[in-house]
Each structure stands twice: as structure tokens, then as C-alpha cells.
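Right, one structure below, let's go through it.
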Amino acid sequence: LLEVPVVLLTAKGMTKDRVDGFKAGADAYLPKPFDPEELLSIVDNLIRRHETLSGENVKVDDLKSDLDEIKYLLLERGGGGVGAGWVEATNVFLAPDERDVLELLCKGLMNREIADELFISTRRVEQHLTSMFRKTKCSNRTELVRWAVST
């Protein structure tokens, strides 16, 4: 069973719940409601990762090095590539309020948590996300976070 990927599909979407799920061994955590396409992408990714890790060319030291680099980018460069002008250096202009929402989104917060943190309404968070989807040509939250991390 150690080789079976675990995807948690749950109504619990708070950061603590997700962290607990990952600590319990989940490979992915997808709060409801979710887009079926996102679930399929996660499953495809887990299958590819399993095939890659099962190969003979994968070394633990290489994986540790990759993880150290990812941790550096997430923690030292400002929460998933947001801040310190990293996102601002792209050709996409994000308003300060949008950058604030994106930073919290990259930290894994849900709309309600973002709204509470920024003292705005959930509807306003949704408006900022919609605006960022349009500007970045992303179609969902996951793509937007990937965009933020890769730019």
C-alpha cells in the first residue's frame, strides 16, 4: 500500500486541515467543491511521479536538492514567488490588492480565510481572483499559483 497515491477529497479546506492531511500521508489534498479537471490533473501527475520515482535514474540526493530549492523559493523569496517584485517583474500588472490576495492564495488559504486576513468580503476576493485569471490567462486557482511560482 505504500505505493498507492492518496488524494484527500474533503469539505475541510482550512490550512490546518490540509497540513494535518499531508502529515497523515496524503499525496494531494483537494477541498470541495473542485473542478473534475483539477482532480484528473492531480491523478495524472501522481501517476507520472510514481513512474519517474520507480525508474533507476532517480537518486535521493537529487530529490533532496530539488526540495531544498523549492523550499528556498517558497520561504525565502516570499511565499510561492509573491513579493520582493518577483511577480511584478512580469508583463502582467497586478494591483496591490491583487498581490495581497495572490500571496495568501499561494500560502494555501481559502477565499474566506483570505477575506478575513485582508478585512474584505469573500465576494471582493472572488473579484480579485477573476481579475487575475483574466490578466494571467489562468483558468483556476491552481494554475494561478503555478503562474505565481513560475514567474
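The values are calculated or read from the model by the stated rules, or taken from the named source; none is laboratory data. Source: prediction; values computed, not measured. Cβ atoms come from the backbone with ideal geometry, glycine included; neighbour counts cover every protein chain shown. For accessibility, only protein heavy atoms count, side chains too; no ligands or nucleic acids. Shrake-Rupley method; radii C 1.70, N 1.55, O 1.52, S 1.80 Å.
In table form, for the structure just shown:
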read-out	value
Any pair with Cβ under 6 angstrom, 6 or more apart, that starts in region 102-119 at a residue that is without any contact (Cβ under 8 Å) to a residue 60 or more places away in the chain and ends at one that is open to solvent by 80 Å² or more (accessible area, probe 1.4 Å)	Leu104/Glu117
Check on Arg146, out of contact with any Leu (no Cβ under 9 Å at 6 or more places or on another chain) and open to solvent by 60 Å² or more (accessible area, probe 1.4 Å)	yes
Top-ranked residue of region 119-130 - restricted to ones that are in a helix (DSSP H, G or I) and over 17 Å from Val145 (Cβ atoms), ranked as least open to solvent (accessible area, probe 1.4 Å)	Thr122
Where a residue in region 15-26 is on the phi > 0 side of the Ramachandran plot and its partner, wherever it lies, is outside any helix (DSSP H, G or I) and not acidic (Asp, Glu), with Cβ under 9 Å and at least six apart	Gly25/Val6
Test: residue in region 102-115 that is in contact with a strand residue (DSSP E or B) (Cβ under 8 Å, 6 or more places away or on another chain) and either modelled with pLDDT of 65 or more or crowded, with 17+ Cβ neighbours inside 10 Å (or both)	yes
Per-region count, region 131-142, residues open to solvent by 60 Å² or more (accessible area, probe 1.4 Å) and part of a loop (DSSP other than H, G, I, E, B)	2
From Leu30, Leu40, Leu9, residue being aliphatic (A, V, I, L, M) and open to solvent by 80 Å² or more (accessible area, probe 1.4 Å)	Leu40
